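Peer 1: One structure, as structure tokens, below. Some questions next.
Please treat every number below as a calculation from the coordinates, not as lab data. Everything numeric in this text was worked out from a predicted model, so none of it was measured. Positions of Cβ are generated from backbone atoms using ideal geometry, with glycine treated the same way; all protein chains shown enter the neighbour counts.
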Amino acid sequence: MTTPFYVPPEQLMKDRAEYARKGIARGKSIVAVEYDNGILVLGENASGTLHKISEIYDRIAFAGVGKYNEFEQLRIGGIRRADLTGYAYSRSDVTAKGLANAYAQALGNIFTQEVKPYEVALMVAEVGASDDDNRIFKVTYDGTLFADRRFSAIGGEEDALLASLDDSYEDGAPLATVLGWAKAACSSLTEDGVAAGEWEAAVVDRTNGRRAFRRLDPAEIDSA
């Protein structure tokens, strides 16, 4: 009987984290920014059919970066969880915090127990009845959960995006202004900027009624 090859636990976790970060960095980052009536979520996405930003429940948006099939699997699981919770209890019991906690637990278990970690970072944004009730959560590949206010970012260029948004952000700005800030932040990451038509954006807007999610069309995005 051969002796199994031993790897120190701390080295194993370090290698898994580096592997996941490299996979995430190959994708395009996504930002979320609060505006006067809700939350904008925007990122670069040349594909018109493979969405990285989606509705997950009435007033909640989901976004993922990294390996598409992995965050798409998590998105579908989150929708099922939200539907079951809303059906068994109340629609108001479905919250971004509850979904983000579930994602954090799932990704944490995968990171520590599976051979290969998921190469994803997730964002869950919920619009509230007022600005103070808005919620933006992000979950990293290892299940670490963050709660952000005003603006947030996920992906390989997260720090640069947050610095850019911090310089421009002002409370209570309209959607068109916030859309311009978000586009400028993302465009600053590339030498040639982002071409028209290669954006994906959506909002969760409290003025839209119960179904607060609305996907922005290319013309609306390009006009900002």
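Peer 1: Just flag the GluC sites (Glu not before Pro) in region 22-125 sitting in loop per DSSP whose Cβ has no more than 13 other Cβ atoms within 10 Å. Numbers along the way, then the final one.
Peer 2: Details: sites: 34, 44, 55, 70, 72, 114, 119; in loops: 114, 119.
Those satisfying the criteria are 114.
Peer 1: Could I ask something else about it? Of the chain, which part is the longest with no trypsin sites (Lys or Arg not before Pro) in a loop (DSSP not H, G, I, E, B) and with at most 13 other C-beta atoms within 10 angstrom?
Peer 2: Values: sites that count: 26, 149, 210, 211.
Result for the longest clean stretch: 27-148.
Peer 1: Sticking with this structure for a sec: Once each part is reduced to its C-alpha centroid, what is the distance from region 54-110 to region 153-224 in angstrom?
Peer 2: Between the Cα centres of region 54-110 and region 153-224 lies a distance of 22 Å.
Peer 1: Moving on to the next point. On a 0 to 90° scale, report how tilted helix 96-113 is relative to the longest principal axis of the chain, with both axes built from alpha carbons and the result rounded to the nearest 10.
Peer 2: Computed tilt is about 20 degrees.
Peer 1: Okay, next question. Hand me the GluC sites (Glu not before Pro) from region 135-185 located in a DSSP loop with no more than 11 other Cβ atoms within 10 Å, in residue order please. Show your work: numbers first, answer last.
Peer 2: On the way: sites: 157, 158, 170; in loops: 157, 170.
Those that pass, being in a loop and sparsely packed, are 170.
Peer 1: Angle check, please: helix 68-88 long axis (alpha carbons) against the longest principal axis of the chain (alpha carbons), in degrees 0 to 90, nearest 10.
Peer 2: For helix 68-88, the angle is close to 70 degrees.
Peer 1: Oh, and also: How high is the relative contact order of the chain, given as a whole-number percent (alpha carbon pairs under 8 Å, six or more residues apart)? If you can, show how the numbers build up before the last one.
Peer 2: Numbers: 442 pairs, mean separation 64.4, N = 224.
In percent, rounded to a whole number, it is 29.
Peer 1: How large is Rg over Rh for region 1-88, taking Rg from the Cα atoms and Rh as the Kirkwood inverse mean of 1/r across Cα pairs?
Peer 2: Numbers: Rg = 18.2 Å, Rh = 16.0 Å.
In region 1-88, Rg relative to Rh is 1.14.
Peer 1: Then there's this: Can you list, bin by bin at 10 Å, the percent of alpha carbon pairs in the chain, starting at 0?
Peer 2: Calculated over all Cα pairs of the chain, the distribution is 8, 34, 35, 16, 5, 2, 0 percent.
Peer 1: For residue 10, put the label point 7 Å out on the Cα→Cβ axis and report which residues of region 112-127 keep their amide N under 20 Å from it.
Peer 2: 112-113, by backbone N distance to the label point.
Peer 1: Another one. Too long at a 24 Å Cα-Cα cut-off: which of 14/97; 22/116; 14/52; 22/138; 97/183? Intermediate results must be reported in sequence, preceding the final value.
Peer 2: Values: 14/97 28 Å; 22/116 13 Å; 14/52 27 Å; 22/138 18 Å; 97/183 27 Å.
Over 24 Å Cα-Cα: 14/97; 14/52; 97/183.
Peer 1: Nearest 500 deg cm²/dmol is fine: what mean residue ellipticity at 222 nm does the chain get from its DSSP H runs of n ≥ 4 alone, each adding -39,500 (n - 2.57), divided by its residue count?
Peer 2: After summing the helix terms and dividing by the residues of the chain, the value is -12500 deg cm²/dmol.
Peer 1: Can you sort 76, 136 from fewest to most other Cβ atoms within 10 Å of each residue's own Cβ?
Peer 2: Values: 76 12, 136 24.
Placing the least packed residue first, the sequence is 76, 136.
Peer 1: State to the nearest 20 debye the size of the charge dipole of the chain about its Cα centre, where the only charges are +1 on K and R beta carbons and -1 on D and E beta carbons.
Peer 2: On the way: 25 positive and 35 negative charges, 188 e Å.
Here the size comes out at about 900 debye.
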